[in-house]
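Engineer: Mind having a look at this structure? Questions to follow.
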Amino acid sequence: MMNIVTNWRNANDSLKERDSYDQYVPCGDDQTCLNPYWRNANAWYEEYKERTIDWVWWTSAVVLLVMLDAYVDAHLHDMRFRVETARTGGGTGLAVVVDF
């Protein structure tokens, strides 16, 4: 959860920095070029934004798995497992017995 907040804050800071620069600057003979400072800040903004989205997805997936595990555990709480010896045609083996 902290990674989501940290990356979100970094994205906002990069966005503010990007917006403090002019996107285009004159580069000679009535031409304009993309400002390298703006481009760098924009690249960091996009990176932090993608990281935030990734962490949201991963955190959601983990929470979903934990909820599924809790649901299964709650419904199988009275299930009992035990290991017993079992005789087979030619010898002795082990069997796992499940009681509901």
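Engineer: So what's the convex hull volume per residue for the Cα atoms of the chain, in Å³?
Structural biologist: 176
Engineer: Right, here's the next one. Working out 0.36 nm times the residue gap between residue 50 and residue 34, then minus their Cα-Cα distance, what length gain in nm do you get to one decimal?
Structural biologist: 3.5 nm is the gain from fully extending residue 50 to residue 34.
Engineer: Once phi is turned into ³J(HN,Hα) by the Karplus curve 6.51 cos²θ - 1.76 cosθ + 1.60 with θ = phi - 60°, what whole-Hz value does each residue of segment 22-38 show in order, with x for glycine and proline?
Structural biologist: 6, 5, 10, 10, x, 10, x, 6, 6, 10, 10, 10, 5, 5, x, 5, 4
Engineer: While we're looking at this one, here's another question. To the nearest 10 degrees, how steeply does helix 2-19 sit against the main Cα axis of the chain, on a 0 to 90 scale?
Structural biologist: Result, in degrees: 10.
Quick note: the coordinates plus some simple rules give every number you see, no bench work behind them. Just so it is clear, the structure is predicted and the values come from calculations on it, not from any experiment.
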